[in-house]
């Protein structure tokens, strides 16, 4: 029977590609170190919590209500207090299907087409299409080694005020910024909060990577400094395992209760929440400390590989945490084109234009180092240098040899 | 710091109420029989699958891609073939965060404000606000003891055609209809499919309850009769446990690949998919048969309680499956008011107007019988009869006594 059901889809929706497995050299996405997944402790946690409370799976929301499994919210309240200075009540935490559902819910609850939002110029790549779909106008602020540029932010706020535009929120990643990996120091956080107070601006703080800090030292969250105006989104994807899809929104009840009204899915997966709560109560801190040592070793492997294969032709700052390195390529290289060519050869990297609206975004790439092992990192970066040289004639020197075209 | 962050929410979003636990007599929602949750088998499944594949949690999508854990899709393909005559490939199945995300994704992929959709007049209560949010115009078709009225459907299609309106899809629950519990016989399914073919209409088939049939005999799904035009949504919430939040969309790749483009959450919870796949491969059929016996016994308890406390004043048909009974109350009773008063007294029922656009919807209530035990059912229905009598003067006779006001 010949019938074109696809003709009934919304015209802007692209066809998804068929999935063909991960590329052999996978430097994209938030994939984590598989060897660091705490399998045995998760098994024990699943066994314990199912044995004790398995029957509660028979009701929606277990016995915890639509905010999600209460023991996990209690863990989070304590952890966010200890690590980030926040004083959220467990009933001001909504568990979500990953932080991505968190982003979608906050946008769905707060944005109307035509709204203006302020975002960092270099940013999580997934935020740009989200804000576009919401019909929001983006005002971008440059970032530097300490995060968002406060003077530029102040100037933008003044300009918007003069134009009679009231922005809906500032979306910001102050701790282990994506893609630069920077951690904003306290004094800059305080200046940003003061400006937001002066202009009556809500803050939408995304802290997905903030558990991944080599030193373990984390400044207070913006949600700690300005709890009255901050919607704080986080995740267990980076600290435990991305496939689990458990994130959270922390916000004052007045706004969280409305965000909850936009959540129509009858709760996020309870088993994952139960297993995480059981695991985290006993093992979170020791697990994260161990994971950070593994990730830092991979970062060192990546930096050594870049030194070896790209030499002085690339620029980057060693990040204090996270799972990615933001790398500036030699002049003349177009990173969008490089990413396309490399993908065809099994090396996947994120081109800068997807992660930055900056004028020089085409010179940058984001390299995620958490998933591949050290040898794969070394070989993949070597291949990337060869591909770059074949396409753009640079880097000429690398791998103890001079490349010739 | 005084700051009204709620003023930044979209104005149509209501504040959610605080959750205060389930009511003592809980006859609403899709909660299931807690004693039937297969806890020990789920524990064993979690242990086995985590031990074998736990490390794959370190990557998004495990090693299965964005459609979800492939062994669960393989189980579903085989089960839907066996039980519903469908011949879906595992790569034409998308795992979702419950069937509710499935509904939202299909609507998001297919509906543009102003579109017309055809729906059954009595229907899953959650579909009406979903279609309203999507800006769709609903054309409603009455239902009878065999499901949607085909003559009324044909007349509506002819009327729409004459008006130059091309509806986007027919949303329909042919198997264990919600709220009536009916199962549409094969000949009526065939007539509906023929009409959809004649009018070039896609079908959006919701079969959440179709595993719950006392006889175990299930007619072929519409997706089996018209695979080229049917988007089929189902769930494990009713057959295993609602808190797990694992549902699925089955559709031709041409449309599924676009529905997938509307899924922005980096996958649904992998652990629940893994545990379900491991459990279902070994235990699905025996578990569902046992669950159905438990549910049918609860239905019998509910019918006995209605006979005892409401006597001949209520009308209903004994459903061949499912977890709810659709009950017509005595003349003069307003079920919306009854549900309000009863809720204050700890007895929760779904008022008919939320589950039907029919003119007499205010006479009906939906009573879910899966969660409370037989004694709670009996006591709750007794209380409901007393509350109904106190408010509306009926039923006068029940519980072996004549009520006096």
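Points to keep in mind about this one:
- Peptide A:93-101 shows a mean partner chain C-beta count of 3 within 10 Å per residue C-beta.
- Folded to 0 to 90 degrees: helix B:39-53 orientation relative to chain B principal axis, Cα: 20 degrees
- Burial ordering of B:130, A:402, B:197, A:245, fewest other beta-carbon atoms within 10 Å first: A:402, B:197, B:130, A:245
- Seen from all directions on average, region A:289-395 presents a Cα convex hull projection of 6.3 nm².
- Highest-first arrangement of A:220-229, A:93-102, where packing means the average Cβ count within 10 Å: A:93-102, A:220-229
- Between 0 and 90°, nearest 10: helix B:70-84 axis offset from chain B longest Cα axis: 60 degrees
- With the convex hull drawn over the C-alpha atoms of region A:1-97, the volume per residue is 278 Å³.
- Each of B:240, A:118, A:387 was scored by other Cβ atoms within 10 Å of its Cβ. Listed from fewest to most, they are A:387, A:118, B:240.
- Equivalent-ellipsoid semi-axes for region A:257-349 (Cα gyration tensor, √(5λ), whole Å, largest first): 37, 22, 13.
- Among the residues of A:9-22, the average count of other protein chain beta-carbon atoms within 10 Å of the residue beta-carbon is 6.
- Helix axis angle, B:374-392 relative to chain B longest principal axis, alpha carbon, degrees: 60 degrees
- Based on C-alpha pairs under 8 angstrom that are at least 6 apart in sequence, region A:106-155 has a relative contact order of 39 percent.
- Residue A:10 paired with residue B:146, simple spin-label distance in nm, labels 7 Å along Cα-to-beta-carbon: 3.9 nm
- Hull shadow area, averaged, the protein assembly as shown [alpha-carbon convex hull, nm²]: 35.2 nm²
- Sorted by Cβ density within 10 Å, fewest first, the residues B:302, B:62: B:62, B:302
- Isotropically averaged projected area of chain A, using the convex hull of Cα atoms (one quarter of hull area), nm²: 22.8 nm²
- Taking each DSSP H run with n ≥ 4 as -39500 (n - 2.57) and averaging over every residue of chain B yields -12500 deg cm²/dmol at 222 nm.
- Region A:253-304: translational diffusion in µm²/s, Stokes-Einstein, Kirkwood Rh over Cα pairs, 10 °C, 1.306 mPa s: 110 µm²/s
- Mean separation of Cα contacts under 8 Å (6+ apart) over length of chain A, as relative contact order %: 22 percent
- Square roots of 5 times each gyration tensor eigenvalue, C-alpha, region A:49-151, largest first, Å: 34, 19, 11
- Inter-copy label distances for residue B:162: 6.3 nm (label point placed 7 Å from Cα along Cα→Cβ; shortest first).
- The distance linking region B:42-65 with region A:317-392 is 30 Å (Cα centroid to Cα centroid, whole angstrom).
- Near-label residues of region B:267-290 by backbone N, under 17 Å of a point 7 Å along Cα→Cβ of residue B:19: none
- Computed over region A:172-287, Kirkwood Rh from alpha-carbon pairs, angstrom: 15.6 Å
- Shielding of peptide A:290-300 by partners, expressed as the average count of other chain Cβ atoms within 10 Å per residue Cβ, is 0.
- Relative intensity, log₁₀ I(q)/I(0), of region B:64-110 from a Debye sum that treats every alpha carbon as a point, q = 0.15, 0.21 Å⁻¹: -0.42, -0.77
- Each other copy places its own label point for residue A:135 at 0.7 nm from this one, sorted shortest first, where the point lies 7 Å along the Cα-to-beta carbon line.
Each value in this text was obtained by applying a stated rule to the coordinates, not by laboratory testing. Keep in mind the model is a prediction, meaning the values are calculated, not measured. Cβ: placed from backbone, ideal geometry, glycine included. Neighbour counts: every protein chain shown.
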